[in-house]
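Undergrad: Let me begin by handing over the structure; questions about it come next.
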Amino acid sequence: MAERIEQRLEDRIPELEQLERVGLFTRKEIRAVLRKASALEYKIQRRALRKEDFINYIQYEVNLLELIKKRRARIGYSFKKDEIEHSILHRVHSLFNRATGKWKDDVQLWLSHVAFCKQWNAKHQLSKVFSTMLAIHSNKPALWIMAAKWEMETRLSSESARHLFLRALRFHPECPKLYQEYFRMELMHAEKQRKEKKEFEQAKMDLGEFNYSEEILNGEMARIVYREASQKIKGVEFQLAVLSIAKLFDFTQDLQKEINESLQTKYADDPLMWDYVARRELELGSLNPLEHSTKQKKVSEMAQREERCCAVFDEAVRAVPTEDMWKYYITFCVERYNRKTNSEELKQKRLERTLSVFSKAHESNLLPEVLYKQWLQLLLDCSLSEKAVEVAEAAARHFSQSVDTWHTRLQVLIQLKRDDVTSCFEEAIKHVKSKGTLPLWTLWVEWSEGTNSKEDTEVLYQRSLHATTPAESVTMKEMYLDWTYRNGGYKKVKRLFTSLCENRPFSLDFFRKMIQIEKEQESCKMLHLREYYERALREFGSTNTDLWLDYVKEELSHPQGKPENCGSIHWRAMKMLQGDLVEDFVSKYTLLQTGHL
C-alpha cells in the first residue's frame, strides 16, 4: 500500500513544480499540499473504506482548483493549464469513479460528480457519468430528464435527447413528467429549426443541403408524443400541464386546439377541467385592446369577462353537481373579490356574486365544511351579522358532529355579543362526542371569565374536568389553576392544587405553574416548594433532567434551602432517569457545580 501511495504522490510532483515555477504557490505551500495529500491518500487506501474520506479528498482537490483559479486571476497568468489543472481534474474524476463504484446506490454522490463536470465544462466525462449512472439508476425518471436536458441545452443534440427520452419511457411507460419534458423537448427542437430556417432565408442562402421538414417545423413530433401519452396517462392534470407547455410556443395553435378538444371531450365530468375552461374566459381578449380604452371601458370589459367565467361555472355546477365543483366556483369568486380595484361598482358586483354562489352551494347541500368558515368571515366583514348567525346555525345543523363547525358558530355569537351563547354551548356539547371537545371547553371558560360571575365560571371549570377526556383535562387543570390564582388568591389556589392532584393525568406545566405561584409569594416557603417538586418528580422524574436540576438549584439558592440535600437528589436522579438522560444529567450537574449553568 505504501508503494502505491508513494507512486501517486510522485505523480503529483510535475504539477506542483509547475505551480512553484510560475509563481502561483510558494515552496512552503507546496510542502503543505504534499503533506495533506499524503494523509488523504492513506485514508482512501485502507481496507475498510469510508465514504467520508473520499468526499473530504474530493473537496480538498476542488478547493485547490478554486485557489489556483483565484491566484491566476490575481497575477494575470493563464498558461500551463494542461500541466496543472488537467492533472487535478483527472484525479478528481478518478476519485469520483472509485467512490461511485463502491457506493453505487448513493444518488447524491453521482449528482455531485455531475455538478463537478458541469462546473469545469468536462463534457466528454459528463457524458460517461450520465451513461453509467442511468445504467444503475434507471428507476429514477428525474435522472433521465436531467441527462436529456443536458444533451438538448448544452450539447445542442436533440437526437441524443430524443434517444434518452425513448429509453426512459421503456423503463417508465406511464410517467407523466417524462412525457411532459419529452413533449417540451420536441417543441424546443421545432422552434430551433424554425429560427435556423428563418435566418437562412433572411441571409438568402440556398437551403438545398438542409432538409427542414414542414411537419417537424409545425410541431408534429410533439403531437405524436402527446397522442401516445394521452393513451397511457389519464387525468386532467396531465392534459393541463401539456397545454401550458404548448402555450409557451407561438406556432402551436393547432396543437393547443387539439388538446383543448380532447380535454373537453374526455373529461367533461371532471371539476378541474371546468375550472380551466371557465378561467380561460379571463384570458380571451376583447375586440378593442384594453390599453387604449378608458378606465370605465376597462372596468366594463373586466366585468363582462368575469360574467362569462361565471356563466361557464353555472353550466359546470349543473353538469357536475359535486362539492369539488362548487369549491372551484367559490374559490374563483373569492379570488376575484380579493383583487384590488378602484371601481366600487365592480367591487360590489363581485361581492354580490360571491355571496350568491355561497348561498346556492349551501342550498344544494354541497358546500364543503371548510368553506362555511370563509363564508361567515365574509359576512362579518360586510357587517351582515344576522345572515352570519343564520349561516352559522345552518352549518352546525349540517355538520352537527364537527367540533370546528360548532367552534366557528360560537365565535360568531361571541363576536356579535348574542344572548344565546350559553344555550349554544350546551347544544354543542350535547351533539359532539366527548373526545375532541377541548377547543369548545377552552372557548367556553375563556368567554365565561369575561362575562359570567366567578361562581358560574368555577362551576364551568369543575364541569369541564369531568366532561373532557383524561388527556384533554390536563389543559383544563392548567387553566383552572391559573384562573383561581388570579381571582381567588394564594390560599384558594393551594387548596385547589391539592384537590386536583388527586386525579391523574397531569402536565409538567401544571406543577411548574404552582411552583411559580409559590415563588411569587412574599413568604415563599421551601417546605411547600419541596412538596411541589416531589409531586412533579413522581410523575416526570424518569423523563425530565431539567426538573431535577431546578430542584437542586432551589435547595442551593433558597434562604430556607438545604444544600446538603443535593447529594440525595443527585443519587435519586441517577436511579430514576432512563437511558441517555443519565449522561445528560451528569454533564449538566457538573456544569452547575462549577458555576457554568
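The values are calculated or read from the model by the stated rules, or taken from the named source; none is laboratory data. Since the structure is predicted, the reported quantities are computational estimates derived from the model, not experimental observations. When we count neighbours, we look across all protein chains shown, and the Cβ atoms used for this are built from the backbone with ideal geometry, even at glycine. Just the protein is used for accessible areas: all its heavy atoms, side chains included, with ligands, DNA and RNA removed. Shrake-Rupley method; radii C 1.70, N 1.55, O 1.52, S 1.80 Å.
Undergrad: Filter segment 520-546 down to the residues that are in contact (Cβ under 8 Å) with a residue 12 or more places away in the chain and of a type in the set (Ser, Thr, Tyr), then identify the one that is farthest from residue 565 (Cα to Cα).
TA: 543
Undergrad: Can you pull out the residues in segment 70-80 that are among the basic types (Lys, Arg) and exposed (fewer than 12 other Cβ atoms within 10 Å of the Cβ)? Walk me through it before giving the result.
TA: Our first condition is that a residue be among the basic types (Lys, Arg); within segment 70-80, this holds for 70-72, 74, 80.
Hits for segment 70-80 are 70, 74.
Undergrad: Residues to consider are 95, 126; find the one that is of a type in the set (A, V, I, L, M), surrounded by 13 or more Cβ atoms within 10 Å (Cβ to Cβ), modelled with pLDDT of 95 or more and farther than 21 Å from residue 11 by Cβ.
TA: Being of a type in the set (A, V, I, L, M), surrounded by 13 or more Cβ atoms within 10 Å (Cβ to Cβ), modelled with pLDDT of 95 or more and farther than 21 Å from residue 11 by Cβ holds for just one of 95, 126, which is 126.
Undergrad: It is to be established whether one or more residues within segment 60-68 are within 24 Å of residue 117 (Cα to Cα), surrounded by 12 or more Cβ atoms within 10 Å (Cβ to Cβ) and hydroxyl-bearing (Ser, Thr, Tyr).
TA: Taking every residue of segment 60-68 in turn, at least one turns out to be within 24 Å of residue 117 (Cα to Cα), surrounded by 12 or more Cβ atoms within 10 Å (Cβ to Cβ) and hydroxyl-bearing (Ser, Thr, Tyr).
Undergrad: Just to confirm my filter: which helices (runs of 4 or more DSSP H) fall fully inside segment 480-590 and include at least 2 residues that are more than 30 Å from residue 458 (Cα to Cα) and hydrophobic (A, V, I, L, M, F, W, C)?
TA: Because the criterion is at least 2 residues that are more than 30 Å from residue 458 (Cα to Cα) and hydrophobic (A, V, I, L, M, F, W, C), the helices (runs of 4 or more DSSP H) in segment 480-590 that meet it are 545-557, 566-576.
Undergrad: Here's a follow-up. So residue 370 clears everything in (1) touching a Leu at 6+ places or on another chain (Cβ under 8 Å); (2) open to solvent by 10 Å² or more (accessible area, probe 1.4 Å) except one condition, right? Which one?
TA: The number of the failed condition is (1).
Undergrad: OK, next. Given (1) surrounded by 12 or more Cβ atoms within 10 Å (Cβ to Cβ); (2) under 29 Å from residue 131 (Cβ atoms), identify the lone condition not met by residue 4.
TA: Among (1) surrounded by 12 or more Cβ atoms within 10 Å (Cβ to Cβ); (2) under 29 Å from residue 131 (Cβ atoms), residue 4 violates only (1).
Undergrad: Now for a different question. Mind checking whether some residue in segment 402-412 is under 36 Å from the mean Cα position of the chain (by Cα), surrounded by fewer than 18 Cβ atoms within 10 Å (Cβ to Cβ) and of a type in the set (Val, Ile, Thr)?
TA: No, every residue in segment 402-412 fails to be under 36 Å from the mean Cα position of the chain (by Cα), surrounded by fewer than 18 Cβ atoms within 10 Å (Cβ to Cβ) and of a type in the set (Val, Ile, Thr).
Undergrad: Of 423, 356, which residue is over 36 Å from the mean Cα position of the chain (by Cα), among the polar types (S, T, N, Q) and assigned to a helix (DSSP H, G or I)? Spell out the reasoning first.
TA: On the way: 356 fails: over 36 Å from the mean Cα position of the chain (by Cα).
Just a single option satisfies the conditions, and that option is 423.
Undergrad: Being part of a helix (DSSP H, G or I) and touching a His at 6+ places or on another chain (Cβ under 9 Å) is the filter here, so list the residues in segment 93-120 that pass it.
TA: Within segment 93-120, 93, 96, 97, 99, 100, 107, 110, 113, 116, 117 qualify.
Undergrad: Among (1) assigned to a loop (DSSP other than H, G, I, E, B); (2) basic (Lys, Arg); (3) surrounded by 16 or more Cβ atoms within 10 Å (Cβ to Cβ), which single condition is residue 155 missing?
TA: If we test residue 155 against (1) assigned to a loop (DSSP other than H, G, I, E, B); (2) basic (Lys, Arg); (3) surrounded by 16 or more Cβ atoms within 10 Å (Cβ to Cβ), just (3) comes out false.
Undergrad: Can you tell me which of 403, 445, 412 is more than 19 Å from residue 372 (Cα to Cα) and either out of contact with any strand residue (DSSP E or B) (no Cβ under 8 Å at 6 or more places or on another chain) or among the small types (Gly, Ala, Ser) (or both)?
TA: The unique qualifying residue is 445.
Undergrad: Oh, and also: Which of the residues belonging to segment 266-295 are assigned to a helix (DSSP H, G or I), at pLDDT below 85 and open to solvent by 70 Å² or more (accessible area, probe 1.4 Å)?
TA: Of everything in segment 266-295, those that are assigned to a helix (DSSP H, G or I), at pLDDT below 85 and open to solvent by 70 Å² or more (accessible area, probe 1.4 Å) turn out to be 283, 291, 292, 295.
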